[in-house]
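Note sheet for the following structure.
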Amino acid sequence: MMKKRTIVNFMLPWLLPLLIIVIWQWTASMEIVSAKIFPTPVTIAETGWKMIANGVLAEHMLISLQRALIGLLIGGGIGLAMGILNASFHLSYRLFDTTIQMVRNIPHLALVPLVIIWIGIGESSKIFLVALGVMFPVYVNTYHGIRNVSNDLVEMGKVYGLKRREIFRHILLPGALPSIFVGLRYALGVMWLTLIVAETIATNSGIGYLAMNAREFMQADIIILSIIIYACFGKIADLLAKWLEKGLLKWNQTYHP
Amino acid sequence: MMKKRTIVNFMLPWLLPLLIIVIWQWTASMEIVSAKIFPTPVTIAETGWKMIANGVLAEHMLISLQRALIGLLIGGGIGLAMGILNASFHLSYRLFDTTIQMVRNIPHLALVPLVIIWIGIGESSKIFLVALGVMFPVYVNTYHGIRNVSNDLVEMGKVYGLKRREIFRHILLPGALPSIFVGLRYALGVMWLTLIVAETIATNSGIGYLAMNAREFMQADIIILSIIIYACFGKIADLLAKWLEKGLLKWNQTYHP
Amino acid sequence: MTRSAVIPEGKNGVLIQIKAVTKSFQQHDVLKRLDITLYPGQFTSIIGKSGSGKSTLLKLISGLDAPSEGDILLDGEALNGISGSTTMMFQDSRLLPWKSVIDNVGIGLQGEWRPKALHFLQQVGLENKADQWPSTLSGGQKQRVALARALVRNPRMLLLDEPLGALDALTRLEMQQLIERLWLEQRFTALLVTHDVNEAITLSDRILLLEDGDIALDMDIDLPRPRSRTDSQVGKWERQILDRIMRNSS
Amino acid sequence: MTRSAVIPEGKNGVLIQIKAVTKSFQQHDVLKRLDITLYPGQFTSIIGKSGSGKSTLLKLISGLDAPSEGDILLDGEALNGISGSTTMMFQDSRLLPWKSVIDNVGIGLQGEWRPKALHFLQQVGLENKADQWPSTLSGGQKQRVALARALVRNPRMLLLDEPLGALDALTRLEMQQLIERLWLEQRFTALLVTHDVNEAITLSDRILLLEDGDIALDMDIDLPRPRSRTDSQVGKWERQILDRIMRNSS
Amino acid sequence: SEGQLEVVRIGYQKGNTLNILKVKGNLDERLKKQGIKIEWNVFPSGGTVLEALAAGKIDYGNAADGSGVFAQASGQSFVYVGSDLPNPEGMGIMVHKDSGIAGIGDLKGKKVAVVKGGNHHYLTVLALESSGLQYDDVEYVYVKDASEGRALFETKQVDALGSWDPFFATVQMDLQPVTLTDGSHYSPNRTFYYATKEFAEAHPEIVKAILEETDVSDQWANENKGEVVKMLAGELGIDEESLAKMVERRTYGVEAITKEIIAPQQQLADTFHKIGLIEHSIDVSSYMPVGKEWVPDLK
Ligand SMILES: Nc1ncnc2c1ncn2[C@@H]1O[C@H](COP(=O)(O)OP(=O)(O)OP(=O)(O)O)[C@@H](O)[C@H]1O
Ligand SMILES: Nc1ncnc2c1ncn2[C@@H]1O[C@H](COP(=O)(O)OP(=O)(O)OP(=O)(O)O)[C@@H](O)[C@H]1O
Ligand SMILES: [Mg+2]
Ligand SMILES: [Mg+2]
C-alpha cells in the first residue's frame, strides 16, 4: 500500500505531460491535418530513436552544450558581478542599471545583423548571444537578492568589525543565494532558448540549428522532437537548480522538497 | 552648486547610453563598415523622425501595445494564479510544476508552426505567444515569493484565526509582493520580446513585424531604430515597475530610490 | 505541593487536557510523557529554564505543531490543527511589517474593529503610534503591540509566551494589571510563560515548573486578589520557588 | 544623586563623551541635547521606560546611526562611522540563519577562533548546540548565543541592549556573573541597557535613568564587589530607584 | 584583400548548387593546388547569405534573384558574378482540388499565402496582372517560411499557396493540389552567384574558377540525377519522391551575366518597387557587370 502511494506520488508530475502525449496521439491519429505537418508521438519516438542511434542527436547536443555552458559562464559571471556591484555601490547602480535594463529588452533576433557585423559568424557570435541572454536574469536576481537582505544583519556585521568583503561573503551573499538561484534557474532556461537564434548564424550543428533547419525544411517530426528536447532541458535545468539549492540552502526552512 | 549636482545625478544613468551613441556616431562616420549596413545615429534619427511624422511608428506601436497588454493580462494572470496555487497546495505543485518548467523552455520560434496549426494566424496566435512568454516569470517569482514568506508570520495568522484566504491576502501576498514585482519587471520585458516572434505570423503591423521585416529586406536603419525602440520600452517597463513598487512597498525599507 | 481542588469558576474558558504528550526533535525528547489538566478559566503560569520546552508546549496546545506521541484535548475533544478558540502571543512579536500598527492589532477581526483596536492600543500606551510602521517601534513597543493584538480578540484560551519580557518595571506592572483585569472580566483559560517568578505569583492560580521535559513542580497559589508584588505573602512564595529552582540546579 | 568622582581604573576601556546630542525621528525628538561622559572601564547601566530612547542611544554610540545634532567622542576623537573598538549586543539576537551556532559566534574572528568560540558557548551553557542551525534554538538560547558572540571578541567597549531579557532567573544570574567576571578581567567600558533594576545595581558602577529624552537620574553605586542580588544594601538601592521610577510616572 | 589569398569564404544554402559543389569537392581540389582553402558557411536563407556578404564576413555566395534586389535596394555593395540556368517550373501557385478555383482569375478576394518578397510572390503578382487583376486584388497572408505556408494551406486557413522547390514539389506530392500556374512564361526564377566587390576585383581568377567548377558539378548533377536526389535527401531530410520531382524539372548549369539575364532581373526590381517592397527604383545593371575577367569558360 505504502509502496503504491510512493509510486503514484513519484508519477504525479509526469501525469500532465503524459496526458498531453495521449491526447496528441489521439488527435494526430485522427489525421485532421496530415501526419507530415503534425506527426504522432510514435513517429516522433521513431525519429528520435533513429537520431539517437546514429549519434546525430548526441553530436548536436554536445556542440550546443558547449556553446551554452561557455555563454552561461561568461554571461552569468558578468551578471553576478554587475548585480553585486550595483547592489553595493549606488554610483555604479546609477551608472549601469538603466543601460542594462535597456539592453536586456533588445530581441536577439533583431541584434543578429549587428552581431554579424561586429563579431562575425564564428563561434564567438553564438556565445555572445547566449551570454547576453543569460546575463540579465542573473543580474536582476542577484541585485534584488542582495538588496533584500535584512539591514539588521548587515548592521550586526558592521558592528562586529566585518570588513566590506566579509560582510559580503558572510551576510549578503548567503542571504541573496535563494534569489540568485531563482536567477540561475531562469538563466539555465534562457541559455538554451537563446541558441535557437544564435544557431541560425552560419552553422549546421546544434539543437537550435536542428529546430530551425527542421522548420525551414518542413520536418515536422524534428521540429516536435526538438520541442521535446527543449522541454526536457527545461526539466533538467530545474532539477539541477533544485539540487544545488538543496545542497547550499540547507538552513533555509522554506526549501521545498 | 547643489543644483549642478542634481543635474549630474539625474544624467548619470544616461551617461552610458550617450557614450554609446557618441562612439557609434564616431565609428560610423569613419565608415569602417559602409554606412548602409551600419548607419550613423543621425541617419537613424532622421528615419525615426520621418516615421514619427507620418504616423507609421505610432500605428505599429499601438497595435503591438494592444497585443502586448492583452497577452500580459492573460499570461500574467495565469502565472500569478498558478504561482499562488502551487505555493499553497503541494498536490497542485507536484501536478503542474514539472509541466510548467518544461513548457517555459520551449522556444517560441519552434512553436510557431504548431501555433499556426492549432490557433491559426489571427490575433489570438500572437496574444497566445505573449501570454505564454509572460506567464513563466510571473509564475516562478510568485511561487518563490510566497514560499519565502516567513513561516513565523503564517503561524501567527493561523493562530489569530485568519482563514486561508485572509492569510493569503494579509500575509502571503504582501510578503511576496517584492518578489512578484521582480517577476513583473521581467514580464514587461518578455512581453515586448515575444512580439518579435509573434509578429512574424501573418501580419503587417507591429514593432516585431517592423524589426523582422527590416531584417528580411536589409533595412539597417529600421533594424537599429527598432532596437532603440525596444531598448526604450525596456527602460519604460522598468520605470513602471519601480513606480508601482514605490507605491505599494512603502513599508519596505530596502526599497531602492 | 500536590494539586488540590481549587478550580476557579469559568464557563467561558476552555478545558485543556494534556495526556502523555511527548515531543521530540531529532532524537532528543523535549517533552516526556507530559500529563497536565488546565481547568476552564484557570490562570496558570509556566516557569522553567531557558530551553526547557515552554514554547514547545505552547505551540502544541495552540495546535501549530503536533505531539510526537500522546493527545491534547480541548473541552474534551482531541485537538487537530488550530482551534478557533485559541489566541497565542508569541515570544517574538511577529508583527506584519507591511501593516500599520493599528492594522496589525486588528488583523483578522470582523466588523467595526477600529475603535476596539484603538482602545487596546491605548491600554498598552501606544495610541499615538497607531499609524506608524512596526519597523519604527522600539523593542518594548513591538511587544506591547503584539499584546494588544492578542488581548483585543476576547479569546476563550490565551497563551502568552513571555509577553512582558522586554518591558521596564513600571510598564510591566501596568501590563500585568491589564492582563489580570481582562482575565477577571472574561475568565478565559490563561497560560503564561514567564521568567519573572514574582509576576507568576501575582497573576496566577497555579504555577508549573518545567524541568527535564516534565512537570517538576505544580503549585496552587491561593492568595486573595488583587495581589501586590510587594505583599509579604507573595514574597514568601517567591523565595520558596526561587529556592527550589536554584537548589535543583546546583 | 549628583555625579561624584568615583572613576574605576581601566586603561583598557574607551572614554565615551556624548556632547549635546539630539536625535530626532521625523519631528519627534527622542534624545534631547544629551550630555554624558562614560569613563574608561566604567560599568554603566541605562534604565528607562520602553521607548525612552535607550536603544537609540546605543546605536548612536556604536556609530551605526548619527546624531541629528551634537557630537560623540571616543577617547577624545569624534566618532565617524563604526569604530573598531566597539562591540554591541542587539536587543534582538540577529543570528545569521545560514550559519551554525558556532560559526555565528565566531563571525569575523581571525586565526584559530574555534576553541575560543566553543569556550564561550560553554560559558553560556550551549556547547552541545554548537553545530545546530539557529532556527532550532529557543528564544533564550538565541539570546545566549548572541551574548557569547559579543563576549568572545575582547572589546574595549561593550554595549549590551537587554542582553538577558529572555532568560530565566537562574540562567540570568549565571550570565550576570559571566559578564561581571569578564569585565573585571578586561576592564572594558560597559554600557548595559536593562529593565531589571536589581541587575543594574549588582553589575554596575553607575546607573543612568533616561526619561523624556534626557538623563533624569545619574547615580553612582559604590558597593563592594562581588555583590549579591539579595544583599540588603542592594535591596535598599533597588527600592530607592524603583520608587523614583514609579513616583515620577503617576 | 591584396596579397596572397589563403582562404575563400563561401556562403551557401542547403540543397543549392553550391551545396552540390561542396559535396563533390572539385573546387576544393582545384584551389588546393594554388594553396587556397575554402571555408564553407551554411546559411538558412538567401537573405542571410547576402547579410553576411555585405558585412564582409564571406566573400562569395549564392542566393535567389529577389535577395539580390533587396540587398541592392538597401544600398549594400556587392556584385553579381554569375547565374544559374533558369528554373521557372521550380515555383508555382496551388489551390485545393475542392476549392472551386480553376484559374488565376478566380483568386480575386481570396487568401494567398506567400513569403513576402519570395520568387513565388513575384510570380503571383505577374500572374494576377496578366489575368487582368490588380496585384492587390487578393489578400496576401505573409508567412515566414515554406512550412508555415503549407500548414496554413493544409488547415485551409488560406485558399491558395505560393511555394518553391523543393517545398513546391512536396506539397504537390503530398496533397495533390491543383497547380494554377508555375513560373513558365512569367519569370526565369534564377538564382545568382554574388561576391563582394573587393573580392571579385582582387581575385577575378578565383571567382572564375568557382563558377567553372560549379558548372562542372552541375553537369555531373544533370547526368546523375538519381545520386543528386539521394544526396539532397540526406542533406534536407525531404522525401526522395518530392526531390526527384524537383530535380527532374530542373537543369543545372552556370551562365555568365548577359543583357538577357539583366532584363528580367530589372523587371523584377521594378515590380517590387511598384508594389512597395522596395522604396526606390534601382538599376540592377550597375550591380551586374557584363564581360568581366571572371566570366567562366564553360564547356
Ligand atoms: N525545530 C527544532 N529542531 C530541533 N530542536 C528544537 C526545535 N525547536 C525547539 N528545539 C529545542 O527544544 C528545546 C526547547 O525549546 P523551547 O523553545 O520550547 O524552549 P523554551 O522553554 O521556550 O526556552 P526559552 O525560555 O529560552 O524560550 C530547545 O533545546 C530547543 O533547542
Ligand atoms: N526609525 C525610526 N523612525 C521613527 N521613530 C523611531 C525610529 N526608531 C525609533 N523610533 C522611536 O524612538 C523612540 C525610542 O526608541 P528606542 O528603540 O530607542 O526605545 P528603547 O528605549 O530602546 O525602548 P525599549 O525598552 O522598548 O526597547 C521610540 O518611541 C520609537 O518609536
Ligand atoms: Mg521560549
Ligand atoms: Mg530598545
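The values are calculated or read from the model by the stated rules, or taken from the named source; none is laboratory data. This structure is a prediction, so every number in the text was calculated from the model and none was measured. We place every Cβ from the backbone using ideal geometry, glycine too, and count neighbours over all the protein chains shown. We work out accessible area using only protein heavy atoms, side chains counted, and drop any ligands, DNA or RNA first. Shrake-Rupley method; radii C 1.70, N 1.55, O 1.52, S 1.80 Å.
In Å² (nearest 100), what accessible area is buried between D and C, both sides summed, heavy protein atoms only, 1.4 Å probe?
2000 Å²
Along each principal axis of its Cα atoms, how long is the stretch E:141-279 end to end? Whole angstroms, biggest number first, please.
Sorted from largest, the Cα extents of the stretch E:141-279 read 52, 43, 26 Å.
Once the Cα gyration tensor of the stretch E:1-146 is diagonalised, what are the square roots of 5 times its eigenvalues, in whole Å and ordered largest first, as equivalent ellipsoid semi-axes?
One finds semi-axes of 39, 16, 12 Å for the stretch E:1-146.
From largest to smallest, what semi-axes in whole angstrom does the stretch B:14-167 give when each is the square root of 5 times an eigenvalue of its alpha carbon gyration tensor?
Over the Cα atoms of the stretch B:14-167, the ellipsoid semi-axes are 45, 23, 16 Å.
Working only with C-alpha atoms, what are the Rg and Dmax values of the stretch C:77-207, expressed in angstrom?
In order Rg, Dmax, the Cα atoms of the stretch C:77-207 give 14.3, 43 Å.
Rounded if a/c is under 1.5, else prolate if a/b is larger than b/c, else oblate: which is the stretch D:78-117, with a ≥ b ≥ c the root eigenvalues of its Cα gyration tensor?
oblate
Cross-link partners among lysines for A:Lys242, C-alpha distance below 27 Å, same-chain residues fewer than 8 apart left out?
A:Lys3, A:Lys4, A:Lys250, D:Lys99
How much of the DSSP bridge set in the protein assembly as shown is antiparallel, in percent, rounded to the nearest 5?
55 percent
How well do other chains shield peptide C:12-23, expressed as the mean number of their Cβ atoms within 10 Å of each residue Cβ?
0
Could you state the number of Å between the C-alpha centres of the stretch E:246-299 and the stretch E:173-240?
Using only Cα atoms to place each centre, the spacing works out to 15 Å.
What value does chain D have for Rg/Rh, both radii from Cα atoms and Rh as Kirkwood defines it?
Rg divided by Rh gives 0.96.
Tell me, what is the percent relative contact order of the stretch C:73-146, built from C-alpha pairs under 8 Å that lie six or more residues apart?
The value is 38 percent.
Determine ³J(HN,Hα), in whole Hz, for all residues of the stretch A:173-190 in sequence, where each value follows from phi through the Karplus function 6.51 cos²θ - 1.76 cosθ + 1.60 and θ = phi - 60°; x replaces Gly and Pro.
My calculation for the stretch A:173-190 gives 4, x, x, 8, 4, x, 5, 4, 5, 4, x, 5, 4, 4, 4, 4, x, 4 Hz in order.
With a 1.4 Å probe and all protein chains left in place, how much of the accessible area of the stretch E:131-220 comes from carbon and sulfur atoms, in whole percent?
Carbon and sulfur: 45 percent of the exposed surface of the stretch E:131-220.
In the stretch D:86-215, what % of DSSP beta bridges are antiparallel (nearest 5)?
20 percent
Just grab the label-to-label distance for C:Leu223 and D:Asp131, each label 7 Å out from Cα along the Cβ direction, in nm (one decimal).
4.7 nm
With runs of 4+ DSSP H residues as the only contributors, calculate the mean residue ellipticity of chain A at 222 nm using -39,500 (n - 2.57) per run, divided by the residue total and rounded to the nearest 500.
Computed ellipticity for chain A at 222 nm equals -27000 deg cm²/dmol.
For the stretch A:95-101, in order, what is each residue's ³J(HN,Hα) by Karplus, 6.51 cos²θ - 1.76 cosθ + 1.60 with θ = phi - 60°, in whole Hz (x at glycine and Pro)?
Residue by residue, the stretch A:95-101 yields 6, 9, 4, 4, 4, 5, 4 Hz.
When we measure straight from the Cα of E:Lys292, which lysines land under 28 angstrom away, once same-chain ones fewer than 8 places off are left out?
B:Lys36, E:Lys22, E:Lys24, E:Lys32, E:Lys33, E:Lys37, E:Lys57, E:Lys197, E:Lys208, E:Lys259
Just to be sure I understand: if I project the alpha-carbon convex hull of the stretch B:162-231 onto a plane and average over all orientations, what area do I get in nm²?
6.4 nm²
Below 8 Å between Cα atoms, with a sequence gap of 6+, how large is the relative contact order for the stretch B:144-232 in percent?
Rounded, it is 20 percent for the stretch B:144-232.
PRE reach from E:Val23 (point 7 Å along Cα→Cβ): which of the stretch A:197-223 fall under 12 Å by backbone N?
Counting backbone N atoms under 12 Å from the label point, the list is empty.
Expressed as a fraction of 2.2 N^0.38 Å, the rule-of-thumb size for a compact globular protein of N residues, what is the C-alpha radius of gyration of chain E?
1.00
D:Leu15's amide H: which non-local residues (gap 5+, or another chain) put their own amide H closer than 5 Å, with H modeled 1.01 Å from N in plane and none for Pro or chain starts?
Excluding prolines and chain starts, which carry no amide H, the hits are D:Asp75.
Going by Cα centres, the stretch C:173-242 and the stretch E:43-81 are how many Å apart?
About 92 Å separates the Cα centre of the stretch C:173-242 from the one of the stretch E:43-81.
Only residues of the stretch C:212-227 count here: report those whose backbone N is under 15 Å from the spot 7 Å along Cα→Cβ of C:Phe25, or say none.
C:212-213
Return the sequence-ordered ³J(HN,Hα) values of the stretch A:136-145 in whole Hz as given by the Karplus equation 6.51 cos²θ - 1.76 cosθ + 1.60 applied to θ = phi - 60°, using x for Gly and Pro.
The phi angles translate into 5, x, 5, 4, 5, 6, 5, 4, 5, x Hz.
How much accessible area is lost when chains C and B come together, counting both sides, with a 1.4 Å probe, in Å² rounded to the nearest 100?
Interface between C and B: roughly 1900 Å².
More than 22 angstrom separation, counting every C-alpha pair in the stretch B:135-257; what % is that?
The answer is 52 percent, as a whole percent.
Binning every alpha carbon pair distance of chain B at 10 Å from zero, what are the percents per bin?
7, 23, 27, 23, 14, 5, 1, 0
For the stretch C:11-105, what is Rg from Cα atoms divided by 2.2 N^0.38 Å, rounded to two decimals?
Here the answer is 1.19, to two decimals.
Which residues' amide hydrogens lie under 5 Å from the amide hydrogen of D:Glu211, considering only partners 5 or more residues apart or on another chain, with H built in the peptide plane?
Close amide H contacts, sequence-distant or interchain: D:Ala216.
Residues with amide H under 5 Å of A:Asn252's amide H, sequence separation 5 or more or different chain, H placed in the peptide plane at 1.01 Å from N; which?
Amide H neighbours of A:Asn252, under 5 Å, 5+ apart: none.
Could you work out, residue by residue across E:53-64, how many beta carbons of other chains sit within 10 Å of that residue's beta carbon, and then give the average as an integer?
Across the residues of E:53-64, the mean count of other-chain Cβ atoms within 10 Å is 3.
If you take each beta carbon of peptide D:189-195 and count the beta carbons of other chains within 10 angstrom, what is the mean?
Rounded to a whole number, the mean comes out at 2.
Debye sum, Cα scatterers, the stretch D:173-250, no solvent: what log₁₀ I/I(0) at q = 0.11, 0.14, 0.21, 0.23 1/Å?
Treating every Cα as an identical point scatterer, log10 I(q)/I(0) equals -0.29, -0.47, -1.01, -1.18.
Setting aside same-chain residues fewer than 8 positions from E:Lys245, which lysines have a Cα under 16 Å from its Cα?
Reachable lysines: E:Lys225, E:Lys230.
Of A:Ser125, E:Ser99, which has the most accessible area and how do the rest follow, probe 1.4 Å?
E:Ser99, A:Ser125
On a C-alpha basis, how far is the centre of the stretch A:11-59 from the centre of the stretch C:29-78 in Å? Whole number, if you could?
58 Å
How high is the relative contact order of the stretch B:101-257, given as a whole-number percent (alpha carbon pairs under 8 Å, six or more residues apart)?
Rounded, it is 25 percent for the stretch B:101-257.
What are the principal axis extents of the Cα atoms in the stretch A:40-111, in Å, biggest first?
Projected onto the principal axes, the Cα atoms of the stretch A:40-111 cover 57, 22, 20 Å.
On average, how much accessible surface per residue is there in chain C, in Å², for a 1.4 Å probe, leaving out ligands, DNA and RNA?
Value for chain C: 41 Å² per residue.
Looking at the stretch D:107-127, which residues lose a minimum of 30 Å² of accessible area between their chain alone and all protein chains in place, measuring with a 1.4 Å probe and not counting ligands or nucleic acids?
Those residues are D:Ile107, D:Gly108, D:Gln110.
Taking C:Phe25 in one copy and the same position in all the others, each labelled 7 Å out along Cα→Cβ, what are the pairwise distances from the first, in nm, shortest first?
3.1
On alpha-carbon atoms, Rg over Rh for the protein assembly as shown using Kirkwood Rh?
1.10
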